[in-house]
Amino acid sequence: MLTIIGRGSRFCDGISRRNFLRIGALGVGAASLNLTDIFRAESKASQTGFPTSGSQHQAVINIFLGGGPPHQDMWDLKMEAPTEIRGEFKPIATNVNGIQVCEVFPQIASRMDKCVIIRSLVGASGGHDGFQCLTGYPPNSLAALGGRPGLGSILAKVKGPVDPSVPAFVGLAKPTQHMPWSDPGRAGFLGAAYAAFKPDGQGMADLTLKGTTLETLSDRKQLRASFDGLKQQVDAGLKGVDDITERAFGVLTSSKLVDALDLSKESEKARERYGDGKPYQFQYDGAPTVNDQLLMARRLVEAGARCVTLSYGRWDSHGQNFNLVRDHGGKLDQGLSALIDDLEARGMLDDVTVVAWGEFGRTPRINKDAGRDHWPTVSCALLAGGGMKTGQVVGSTNRLGETAKDRPVKFPEVFATLYHNLGIDLSSTFINDPSGRPQHLVDEPAMKELI
C-alpha cells in the first residue's frame, strides 16, 4: 500500500486518505495488491529495459482441462486396439484429409484446418495440477527461489499492458474444491505484482468500487488535488507516486475492463453460439464446463489482455469415462468452435493462440468402472490460431495409445511455440531470478512443424 508521510487527513464523508488510495485493490493471487502496487512494479520493469507495451497485440488463451483428458477418446482413437482399450467412440473425418477425431467433436472436425493436434505430449510430472500447462516446467523447478512464473506473469513483466486500463494477465478459473485445478498460473519468483487479475470474487468486487459512484470518485480526486499543503511536506518522490495513482484512477473510471467482463453486452445469438455449458455434470471437486468463459476470454483479449487462462471441466474419469466425454466433449466442441469462429471473424486468429490441454493422459485399458486412470506417459493437446501452420497432426502413439511412437513433444516445446507466436525472441529475452541470475523463459526450441 502507499504510505504518505505527513499529518493524517480525512475527507468529509469520513474516509481517510489512506483508505482512499486503497480504492480499487485488485484480487491477485494470495496477495492483496492495489493498483498502485501493480503500476509501481510495471514502472520499475520499464526502468530495467522491459517495454510496457507492444507494437502488436498478440495473445494466448490457455484452456486447462483439469483432471487429465483421455487422449484415446478425443484426438487419438485406437480403432485397431482390443475392445477393452478401444472404448465406445467412433472416429469421424475432419475437413483435413487423413485426420480423424472422436465423434463428439463434429464442429472442431469441420474446423480442423485452423487447428493442430499434438498426439505425443510427453514429460508430465503426474501431479493433479496445471503447473506444467501454465509454465512449461515441472512444479519443483526453481522452487527454492519461489518457483517458475507462468506465461501470463512473464507477459505481464516482459510486455506489460496493451491498454493501461486492462490487466495484461487475467485468470478466469472459478474456485474448485481441489484447489490446484483453479490455479490461473502463479507469478513464481517474479512476485505477486505480476500475478493474474481474477475478476471472480474480490477482484470484481473491487472493480465495483464498493458502492462508490464514479461521480463521487471524481470529487475525491479533486479533493486529493487540493492537498497542496500535504504535498509540500513530502519529498520530490511523491510526483512519481501521484503519476502511478493517476493510472489507478484510469482503470477504475474506465469502462473497458468491466465491459469486457459483461457478457450481457453480447447479442443473444452470440451467447447461444457459445452456450453456457450447463447443466454442469461430473463436476465434483473440479471446474464447471464454463462455455461463457470462452466468450469472456475473447472479449478480454479484444479489450487488451495478453494472456487469459481458465479451467474447463473435471476430466478425472476413473469412472463413467465415456459419459463424461460425451458431456464435457460436446460442450467443449461448441464453445471452442465458437471461439475460433469469433477470432477469425474479427481478424484476430493469426494473433491469438488458443491451447486446450490437461496435466496428463489416461490409461489405455478401461477399468471395471468404465473409467480410465492416470497415465502420465503420454497425453495430447489441441492448438488453434497464432499464425501457426495449422491443419495437421504432430506426433503419434503406438497401437494401444501407451507411448509416443513418433515425434515426442515436450511441454517446454509447446511453450516455446507460444512465445514465438507472441513475438518474443527466446534467444535474447531473459528474466532475472531473485539472485540476479538471468533465466531463459524456456529451455527448448519452438516446434519447427508449426512455425
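Some notes on this structure:
- Qualifying residues in the range 322-350 (those that are buried (at least 19 other Cβ atoms within 10 Å of the Cβ) and in contact with a strand residue (DSSP E or B) (Cβ under 8 Å, 6 or more places away or on another chain)) - the one farthest from LEU295 (Cα to Cα): VAL325
- Any hit, the range 133-151, residues being among the charged types (D, E, K, R), in contact (Cβ under 8 Å) with a residue 24 or more places away in the chain and farther than 18 Å from PHE415 by Cβ: no
- Positions within the range 307-321 being closer than 14 Å to ILE63 by Cα, open to solvent by less than 10 Å² (accessible area, probe 1.4 Å) and not hydroxyl-bearing (Ser, Thr, Tyr), in sequence order: CYS307, VAL308, LEU310, GLY313, TRP315
- Sole residue being part of a loop (DSSP other than H, G, I, E, B), farther than 20 Å from GLY401 by Cα and touching a residue at least 24 places away in the same chain (Cβ under 8 Å), chosen from ALA370, ALA305: ALA305
- Identity of the residue in the range 103-125, in a loop (DSSP other than H, G, I, E, B) and either free of Cβ contacts under 8 Å to residues at least 24 places away in the same chain or farther than 29 Å from PHE430 by Cα (or both), that ends up most open to solvent (accessible area, probe 1.4 Å): GLU103
- Selection from the range 126-142 of residues that are at positive phi and open to solvent by less than 20 Å² (accessible area, probe 1.4 Å): GLY136
- Residue in the range 93-104 that is β-branched (Val, Ile, Thr), touching a Lys or Arg at 6+ places or on another chain (Cβ under 7 Å) and modelled with pLDDT of 95 or more present: yes
- Residues in the range 391-428 that are within 11 Å of LEU121 (Cα to Cα), over 18 Å from the mean Cα position of the chain (by Cα), touching a residue at least 40 places away in the same chain (Cβ under 8 Å) and not in a strand (DSSP E or B): GLY395, ARG407, PRO408.
- Members of the range 432-450 found to be open to solvent by 50 Å² or more (accessible area, probe 1.4 Å) and part of a loop (DSSP other than H, G, I, E, B), listed by number: PRO434, SER435, ARG437, ASP443, GLU444, PRO445, LYS448
- Within the range 389-440, tally of residues that are of a type in the set (Asp, Glu) and under 30 Å from GLU84 (Cβ atoms): 2
The values are calculated or read from the model by the stated rules, or taken from the named source; none is laboratory data. Since this is a predicted model, take the numbers as computed values, not measurements. Don't worry about glycine lacking a Cβ; one is built from the backbone with ideal geometry, like all the others, and counts go over all protein chains shown. These accessible areas exclude ligands, DNA and RNA; they are computed on the full protein's heavy atoms, side chains included. Shrake-Rupley method; radii C 1.70, N 1.55, O 1.52, S 1.80 Å.
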